[in-house]
Amino acid sequence: MISIDLSKQIHKIIETDDEIYLNYLGGRGLGVKLFTDRVRPQVDPLSSENAMVFTIGPLTGTAVSTSGRMSLVTKSPLTGTIFYSNTGGMFGFNFKRCGIDGLIIEGASDTPVYLLIDGDNDIQIKDASMLWGLNSEETYDKIIEIEGKSQTLMIGPAGENLVFMSSIMNNAERAFGRGGVGAVMGSKKLKAIVVKHGKHKTEVHDKDLLMKYVQSAIDKQQALPITRAGLPLFGTAGTLEVINGLGMLPIRNFTSGQHKDANKTGGEAIRHELLDKTEACYACSIKCGRLTHSGDMKGKGPEYESVWALGANCEVFNLAKIAQANYHCNKLGIDTISMGGTISCAMELQEKGLFPYQDVAFGNEDVLADLVIKTAYREGIGNELADGSKRLSEKYGSSQSSMQVKGLELPAYDPRGAMGHALGYATSNRGGCHLTGYMAAMEVFSAPKRIPRFTLAGKADLLVLKQHQSAVEDSLVCCKFAGYAVGFDFWSRFTSTITGVDFNISALLKIGERIYNLERLFNVGAGFTDSEDILPERFTTIPFTEGLSKDRTVNLELMLRDYYAVRKWDKQGIPKAEKLEELGLAIH
């Protein structure tokens, strides 16, 4: 474990007790523990007192499919909550090759710097003045010129300008997205983190048995249509037409659930019109990544969430324009979901006569790229958008025009179409997130099994289970798509075989519960109450009038009461003392 103090420009090696790995595994869990031990819940996210904790997990660097991801934990300037994010690609693998389980970034530099981790013996804090102001592609190219072959995390102009929806870009194309984590890095004047020349290999307790499990998991992925063909052929955007057909694809800032032109922007259209080639993260057999082009621009994506946020939710169906806006987000370091959600919020405000920019109108495809660029540099109207839709809507007197929970813009599944998924939005510790529990996997995609999407009974129990499983997956660290094909028992087998410790399913789920409750405690300390476990009124009071999700609203109050009871939290959503004692947690 490496600790970097940017204020003092020093680093040190921290020895961690085995107990922390037994209780939190790695990845998100390890990051949450290290972060909450160091940072006060009331801290200003953009102050030098906030920390960033980058971690990998026990599966990283092994042959386990989709095990190349890594995690980040910090406090979000967009939401004010504890925030966890993760990224794929190759950075996590190369990070582990340098012999590192975690990197803790504290303090703030007075001038721009970047961090170089060269093998296991050389850690340097280097001048980044020549990089400051460059976009992510320019930054990546310049670092390769200076340092040679390497893997790089970096911020673009959006992070430098403390845009609340800025991302940390991974080799200029993937991202630690959501929550404004790029602004946290920017507030520390940390332009990039570079790793190279690592030679460490992950120790595996039983290599032969692990390879048998790995092959079995790959066989299961090849047997399931969505991981064998759907994702490889059409990428994540292949789900768009399914969601549209079910009447739960958010259109015009979540005012309707389907559109006749939605198929113009789906996975099949991207494959036909934009695709150059597919790609995969480390140790992934699914290969859902898309390298694409549009006009004279090229890049990665757009993914499902991006093509929806910058497209259908703004009532734009010109795929070329959407792709170009997506490329600008990647170059400038902006989260596409929050960017699109904030633009669509502005469009609704303008339609109501509240927002004084006439060009920001639903269906105006020509404004997208310009709004992304202005937001990244906080120029003019961009400065209005840069703090996210919640603050924008409140400024202009229509808070219900912002489709967010705890300040985080909602992703591309209208909650009126899946009740368990709706509850997941309301109770996610990082705000309006679909991945924290991802009930849509069962309610929409029948993975690993189908459950009715409109029923309420039992949804709280299933969501709690999914939230614990998700916390474990984020701590191992592995991809959610692998879980479509393999059962949770495989994560137990992998972890036990690699570490030599019996991490049975029950033990893993207890770890997931511990992580989730520790995050909740931090948020309680930061001032969050049950009043923030809500959905915008649109979803609880206004049903769709057409489509397969018509006449539905979300009875959140009933499900939330069940949810607190299942978790053994009190009526205000605060974990009870006996639950904390059971999990070995202290009240912060």
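Relative contact order, percent, of the chain when contacts are C-alpha pairs under 8 Å separated by at least 6 residues? Relative contact order here is 16 percent. Beta bridges from DSSP with both residues in region 2-196: antiparallel share about 75 percent, rounded to the nearest 5. As a proxy for reagent exposure, GLU138, GLU513, GLU557, GLU519 were ordered by neighbouring Cβ count within 10 angstrom, fewest first; the result is GLU557, GLU138, GLU513, GLU519.
Taking the inverse of the mean 1/r over every pair of distinct Cα atoms in region 211-327 gives a Kirkwood hydrodynamic radius of 14.7 Å. Region 73-140 and region 1-61 have Cα centres separated by 13 Å. Relative intensity of region 299-396 on a log10 scale, I(q)/I(0) at q = 0.17, 0.21, 0.23 Å⁻¹, equals -0.63, -0.98, -1.19, per a Debye sum over C-alpha point scatterers of equal strength in the absence of solvent. For the pair region 336-397 / region 457-472, the C-alpha centres are spaced 35 Å from each other. When only alpha carbons are used to place a centre, region 190-210 and region 513-584 end up 37 Å from one another. Exposure proxy for VAL307, VAL367: other Cβ atoms within 10 Å of each Cβ, ordered fewest to most, give VAL367, VAL307. Here the chain carries DSSP beta bridges of which approximately 80% are antiparallel, counting only pairs with both residues inside. Can you give me the pair-distance distribution of region 2-196, C-alpha pairs, 10 Å bins, whole percents? Here the calculated profile for region 2-196 is 10, 40, 40, 10, 0. Highest average first, the peptides 263-270, 415-422 ordered by how many other beta carbon atoms sit within 10 Å of their residues are 415-422, 263-270. Among (1) 1.05; (2) 0.98; (3) 0.89, find the value of Cα Rg over 2.2 N^0.38 Å that was calculated from the structure presented, and write down its label. The value matching this structure is (3). Using θ = phi - 60° in the Karplus curve 6.51 cos²θ - 1.76 cosθ + 1.60, the 3J(HN,Hα) couplings for region 292-308 round to 9, 9, 8, x, 9, 10, 8, x, 9, x, x, 6, 3, 4, 5, 5, 6 Hz; x is entered for Gly and Pro.
Read the figures in this text as sums done on the coordinates, not as results from a lab. Just so it is clear, the structure is predicted and the values come from calculations on it, not from any experiment. Methodologically, a virtual Cβ is constructed for each residue, glycine included, from the backbone with ideal geometry; neighbour enumeration extends over all protein chains shown.
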